[in-house]
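Let me begin by presenting the structure, written as structure tokens, before commenting on it.
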Amino acid sequence: MLILKKFAQDKSAVIGFAIVVAVVFIAVFGPWLAPYPQDATMSHLTRRLRPPSWAFPFGTDNLGRDILSRVILGARGALKVSLLVVGASMAIGVPLGLAAGYSRGWLSEAIMRVTDVFLALPQLILALALAQLMGPSLESAMIALVATYWPFFTRIVYAETRRLRASLFVDALEGLGASPTRIVFLHILPNAASPIIVRATIGLGFTILVAATLGFLGMGATPPDPDWGLAISQSRTFLPGAWWYATFPGLAILVTVLGFNLLGDGLRDIMDPRLRRSR
Amino acid sequence: MLRFIARRTLLAVPSLLGLLIITFVMIRLVPADPAAALAGDNATPEQVAQIRAQYGLDQPLPVQFLKYLSDVARFDFGDSVYSSRPVAIDIVQRLPATLELTFAALFLATALGIPLGVVAALNHNRWPDFVLRIVSIGGVALATFWIAIMFQLLFAMKLDWLPLRGRSSVGISFAGGPTGFLMLDALLKGRLDVFWDAFRHLVLPALTLSLGGIATITRFTRAGVLDTMQKDFVTYERAVGYPHRRLVWVYVLRNSVVASVTQIGLLFGSLIAGAVVVESIFDWPGLGSYTVNAILTADFKVMLAVTLLVGVIYAAVNILTDIVHGLIDPRLRDQA
Amino acid sequence: MTLTRREAGVLSIAALIAATAGAKAATPGVMVRSDNQPLNLDPHQVFDVPMMGYSLNAYDTLYRYLDNPPKLTPWIAESHTSSEDGLIWDFKIRPGVKFHDGSDLTAADVVWSFQRVLKIARAPAAAFRPILTAEQITAPDPSTVRFTLSRPYGPFLAAIPIVAIVNPRVLKANEKNDDWGASWLASNEAGSGAYKLDAASYAPNEKYEMNRWDGHWYGWKDNPKPVQKIASRTVKETSTGVLGLLNGSIDMTDSYLPTDQVEQISASKVARVEKNVSARTFIIRMNNSKAPFDNINARKCFAHAFNYKGFIEDILKGYAERDPTPMPTTLWGFPKDVKGYEYDLDKARDYFKKAMAEGAPMRRPIQIHIQNTLEQTNQAAQLFQSDLAQIGVNLRIVNDTWANMTTNTAKPETSPDMWVHWVSTYFADPENWVGQMYDSQFHGTWKASSWFKNAEVDELLRKARGLVKQEERAPLYEQATRLIVEQSPDIFIYNTVELKGVSNRLSTMRFCPVGSGTEMRWVQMTS
């Protein structure tokens, strides 16, 4: 209750939460909300590059498709990609971090050295190269993003586990003869949950951003996917005439990512007092 | 302490080796066959095979890798399979442009981020703080490629205030100077026209690249200042009536930017990576546009060299940050 | 207080920047091209459209294509003779031609240049390697070059202009590891052309500059106001190049101008769009070795499902000429009586049913690969996708690169289901199109990537290749083209109208499809 009350007082976190709820709503009900849902694939050559109007509030693109509809339809893909990428990164990164943090000696060393190698790689360049390696498509972009994002979770979980490992209650549990698996999953993991949740929330926004960048550089989503990054990339040929074509998909990215970041920031304040911004 | 530094640096060696292995194996497995592209539009399969042999592309991977290691040790990255020019020369030629852009963005981020952070802290929990918080979180949420295009659209296409692309105008003839930094060279040779031209070309890319950094530094400065404001010496000085503005902008700031300084170091690494997108949109002739082009054309030697270079810069910055942290907090020294 | 002061500062900087804007008047005598650069500057290593934009200016050739349709014109060879059996070709070298270093261009230099092409064995060599070895090129006297072919070869003369003549003295001085000067020439120049490269200005994939050369053998009497300096800049985004054209900082764009920009340029007072019917065919390939494309009814279904008229008239705004064949409409050997296929979804549905009845898997997802840097390939694929969706075909678009695709087309199993590309004029001979695209001996090259095999077509094309006289070859190519269209191995869309944005400072653009009108010596420029 106290947490909810504190959350409600944090204006920007509430805004973030509202945005995220709205984006999720649009992603789920997109096909029913979009004025022209068939414009995901259909082209209408006779109404190419129309400026915004009542019929097409965001204008139309180079194949005569309604941009508002495509922005709405693009939300689902963006969320799906980021959820899958962050979920898979957690599935890889969290157990590794727990293992590295709880054990001592070569296993811990090995895991953290490999993590360091991946953290030392420039993420965008690595993702681009990987996407090229596997043939440019949304799937390879997602694999590339997971390959570059899991180490962040390993790092955080490792640090938390190390800290908790040294604490009294773990010593006590060990003394009572609890198995390491039990200690790690029942006692350490719940205590390390808040930084993971915060990281995951911000990671969702961040992944949307990087996935859009890959789409923009031609290494991510492929047509006719109503991907926001891809739309911006295609719009460049029609500038400066068709300014609306580049503008609205970009605003969609901005608002969505902003929502996740505001929410993540608010969560951090509540869950992790050590990182409080308003100490 | 010296032992700590030595250990920390040694620990980077397996990381760097891992970096070499990963990038090499990964990029060497790219399905696009550089030999086929190299042979050209009308090539026969035999010609392709001949070129593959000529560049050692038909050797087993471990052999190619060992050869690559010995080459890297001599700072020889081989010839680009596309331009047939030594990759090392292209990198040396293009590095200054990227550094110029990165330093300009770093400067902007610091020059704007620190004052904004202080303003936010001084107005803690009032509306300027709230606005700056949204803005600084928004700065991180901006898609660089989109804001770059928006800047181009507004300032170059619609208003025609600033150049759209490139690093200098065509009509300008300037042989360059000793540093490779165009603005600096222009000043050294007393060419104000070249300097101004270069400056105008730099504004949009540097601003685009700096936005994320401005946001980050604003937030860290704000947190640092808030922290310091609650320290005893500030309360004391306030109590004795020391001029408020001088207190904040000199003493508090000096005590709180330490945290931001490490952040600035880290930022440098991320700016170099961010340059990939910014450079390719503004046709900036640096390493970033070079990399994107290499990736699009599967020029694996260039991809290896650039990934390695940026990886080394990352690693160096990481070591440096760890050492600085070790200096501040001795407890961390036995953990590394 | 602090905020307002900073605001004032920011505003004054903005005002300062704005005040000096617009100070980009074009420089007299300097012509700026926004164009793609070749991968490197050696004309014997690279041979593509951007290379021709460079080599036509820096280098000379024995014969040269001029005007539209391209006419084979004596250049540094004054004339040629060939033996009755088409095996021995003698070229008479023009006296008094000089290289940029001042030395004379002799028959021996021409021999050395052709030998270098064969030795380096890159793109331009493909046209000669089947019929020529280094020993078969000789100089019987200082002004005669003799080629002794292994067998008669129809396209021989047509392919002669693709070989640039280089200066052996300069290259031998810069040779390392027996590379025939290849690594040096990649960023330098050793030619005799009308323009001389300023090697210091060369930055790969970014820029190069060339200065007019007074000593060119052709002289400059025909051109009172020549371009003094060519500054080439790589502009990756076309819309950027267009804006440069409008504000005067760029004088000439590449020849792939999107039709949506045409209106904007035409409306301006400073620039115009040059429109030329070229010889560059636009094609969607089908992999005939894979189901369902191994079924002729399936292929015809696809051929009827592309909206040719909508694509050409609405998307390209009419700036293209419908071409129902793989041959350019303007070239000899084009069969004028061929109707081809029209957009008709009902017919497509009929063929769909027939193909299904014959067991062709028409409902399997089909992948079409596009070239990620060329927006038009994407537009064509997206248009196709939405029409095919209506008849129940699921088309997936895959973003791809030229390098990747030319690799994957080496084998039938790695070749994409479908892909989109142009076939430009490398040499003006039907061999450049039908010859290399549908003779099954070229399987494994990107041009033959539909894996089409038809004994009758093979025979016709091989017979035409072995003949020398155009009037004997033409009917063979026409017949082969008819057969190919009947078999519908690919989807033939249009012959290009090349669109190039040009500053009004430039006149007498002497357009030729070979090189896309980038030979600058003809161009006159006012300041």
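The values are calculated or read from the model by the stated rules, or taken from the named source; none is laboratory data. A quick note: this is a predicted structure, and the numbers were derived from the prediction, not measured. With ideal geometry, Cβ positions are generated from the backbone for all residues, glycine too; neighbour counts draw on all protein chains shown. In case anyone asks, the SASA skips ligands and DNA or RNA and just uses the protein heavy atoms, side chains included. Shrake-Rupley method; radii C 1.70, N 1.55, O 1.52, S 1.80 Å.
Can you spot a residue in region B:145-157 that is among the β-branched types (Val, Ile, Thr) and within 30 Å of A:Ala252 (Cα to Cα)?
yes
Answer yes or no as to whether B:Leu247 is under 26 Å from B:Phe145 (Cβ atoms), touching a residue at least 12 places away in the same chain (Cβ under 8 Å) and open to solvent by less than 20 Å² (accessible area, probe 1.4 Å).
no
Among the residues of region C:240-254, which ones are open to solvent by less than 10 Å² (accessible area, probe 1.4 Å) and not β-branched (Val, Ile, Thr)?
C:Gly241, C:Gly244, C:Leu245, C:Asp251, C:Met252
Report, by residue number, each residue of region A:201-237 that is among the hydrophobic types (A, V, I, L, M, F, W, C), at the interface with chain B (Cβ under 7 Å from one of its Cβ atoms), under 30 Å from C:Leu245 (Cβ atoms) and open to solvent by less than 20 Å² (accessible area, probe 1.4 Å).
Hits for region A:201-237 are A:Phe216, A:Ile232.
Condition first: in a helix (DSSP H, G or I) and either of a type in the set (A, V, I, L, M, F, W, C) or free of Cβ contacts under 8 Å to residues at least 12 places away in the same chain (or both). Now tell me which residues in region A:25-57 satisfy that.
A:Phe25, A:Ile26, A:Ala27, A:Val28, A:Phe29, A:Trp32, A:Leu33, A:Gln38, A:Ala40, A:Leu45
I'd like the full set of residues that are open to solvent by 40 Å² or more (accessible area, probe 1.4 Å) and away from chain A (no Cβ under 13 Å), limited to region C:255-273.
Scanning region C:255-273 gives C:Ser266, C:Lys269, C:Val270, C:Arg272.
Check region B:267-290 and report whether any residue there is among the hydroxyl-bearing types (Ser, Thr, Tyr), open to solvent by less than 20 Å² (accessible area, probe 1.4 Å) and more than 30 Å from B:Ser84 (Cβ to Cβ).
no
Anything in region B:217-244 that is hydroxyl-bearing (Ser, Thr, Tyr) and buried (at least 22 other Cβ atoms within 10 Å of the Cβ)? List them, or say none.
Within region B:217-244, B:Thr218, B:Thr221 meet the criteria.
Which residues, taken from region B:280-325, are in a loop (DSSP other than H, G, I, E, B) and within 11 Å of chain A (Cβ to nearest Cβ)?
Listed by number, the residues that qualify are B:Thr297, B:Ala298, B:Asp299.
Can you pull out the residues in region A:120-138 that are facing another protein chain (nearest Cβ under 8 Å) and of a type outside the set (S, T, N, Q)?
Scanning region A:120-138 gives A:Ala120, A:Leu121, A:Pro122, A:Leu124, A:Ile125, A:Leu126, A:Leu128, A:Ala129, A:Leu130, A:Leu133, A:Gly135, A:Pro136.
Yes/no matrix, rows are residues, columns are (1) out of contact with any Pro (no Cβ under 7 Å at 6 or more places or on another chain); (2) facing chain B (nearest Cβ under 8 Å); (3) under 22 Å from A:Thr207 (Cα atoms); (4) at pLDDT 90 or above:
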residue: A:Leu239; (1), (2), (3), (4): yes, yes, no, no
residue: A:Trp243; (1), (2), (3), (4): yes, yes, no, yes
residue: A:Thr247; (1), (2), (3), (4): yes, yes, yes, yes
residue: A:Gly250; (1), (2), (3), (4): yes, yes, yes, yes
residue: A:Leu254; (1), (2), (3), (4): yes, yes, yes, yes
residue: A:Gly259; (1), (2), (3), (4): yes, no, yes, yes
residue: A:Gly266; (1), (2), (3), (4): yes, no, yes, no
residue: A:Ile270; (1), (2), (3), (4): yes, no, no, no
residue: A:Pro273; (1), (2), (3), (4): yes, no, no, no
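Among (1) modelled with pLDDT under 95; (2) touching a Ser or Thr at 6+ places or on another chain (Cβ under 8 Å); (3) over 30 Å from C:Ser249 (Cβ atoms), where does C:Asp458 come up short?
Checking C:Asp458 against (1) modelled with pLDDT under 95; (2) touching a Ser or Thr at 6+ places or on another chain (Cβ under 8 Å); (3) over 30 Å from C:Ser249 (Cβ atoms), the one that fails is (1).
Across region C:404-445, what is the number of residues that are open to solvent by less than 10 Å² (accessible area, probe 1.4 Å) and in a helix (DSSP H, G or I)?
Number of matching residues: 9.
So which residues in region C:134-190 are part of a loop (DSSP other than H, G, I, E, B) and among the charged types (D, E, K, R), if there are any at all?
Of everything in region C:134-190, those that are part of a loop (DSSP other than H, G, I, E, B) and among the charged types (D, E, K, R) turn out to be C:Arg151, C:Glu175, C:Lys176, C:Asp178, C:Asp179, C:Glu189.
Only residues that are open to solvent by 30 Å² or more (accessible area, probe 1.4 Å) and either within 14 Å of chain A (Cβ to nearest Cβ) or in a helix (DSSP H, G or I) (or both): list them for region B:162-181, please.
B:Arg165
Just name the residue that is farthest from A:Thr201 (Cα to Cα) out of those in region B:149-161 that are within 10 Å of chain A (Cβ to nearest Cβ) and in contact (Cβ under 8 Å) with a residue 24 or more places away in the chain.
B:Ala156
With assigned to a loop (DSSP other than H, G, I, E, B), touching a Ser or Thr at 6+ places or on another chain (Cβ under 9 Å), on the phi > 0 side of the Ramachandran plot and not aromatic (Phe, Trp, Tyr) as the only criterion, which of C:Asn205, C:Asn223 stands out?
Selected residue: C:Asn205, the only one of C:Asn205, C:Asn223 that is assigned to a loop (DSSP other than H, G, I, E, B), touching a Ser or Thr at 6+ places or on another chain (Cβ under 9 Å), on the phi > 0 side of the Ramachandran plot and not aromatic (Phe, Trp, Tyr).
Is it the case that C:Arg129 is at negative phi, within 14 Å of chain B (Cβ to nearest Cβ), charged (D, E, K, R) and surrounded by fewer than 18 Cβ atoms within 10 Å (Cβ to Cβ)?
Yes: the conditions hold for C:Arg129.
From the list A:Leu119, A:Leu126, A:Leu133, A:Leu83, which residue is among the aliphatic types (A, V, I, L, M), in contact with a Ser or Thr (Cβ under 8 Å, 6 or more places away or on another chain) and open to solvent by 30 Å² or more (accessible area, probe 1.4 Å)?
A:Leu133
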